[in-house]
Amino acid sequence: MLIGWDYPQQGSLSDRINLAGLHPITCLTTLTKPEKLKLIDKMVVLCKGLCDKPKLLNEIGIAETRIKGILKEAKENLF
């Protein structure tokens, strides 16, 4: 069985990600590419993982003023 982002019409990769709420941190627009790479280095690849470990944002040097917005966007991608 083949699966792609939009194939098959039902049950595609996009459908499965949306149903499970398992969006990658790379979809977050509030993070820069270097910040995303630092989180990946710390083994955080999903928005859920970031929401479970919000202190990692401090650890990689993100200012407190931005953290609330980043977590808000990550939580919006959970479901």
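What follows is calculated from the coordinates using simple rules that are stated; it is not laboratory data. Quick caveat, the model's predicted, so the values are computed rather than measured. Note: ideal-geometry Cβ built from the backbone for every residue, glycine included; neighbour counts use all protein chains shown.
Computed log10 I(q)/I(0) for the chain at 0.24 Å⁻¹: -1.06, from the Debye equation with unit scatterers placed on every C-alpha and solvent omitted. Looking at the range 1-78, the trypsin sites (Lys or Arg not before Pro) that sit in a DSSP loop and have at most 15 other Cβ atoms within 10 Å of their own Cβ are 42. Hey, rough spin-label estimate for residue 64 and residue 6, points 7 angstrom out along Cα→Cβ, what's it come to in nanometres? Simple spin-label model gives 4.5 nm for this pair. For the chain, averaging the sequence separation of C-alpha pairs within contact (under 8 Å, six or more residues apart) and dividing by the residue count gives a relative contact order of 33 percent.
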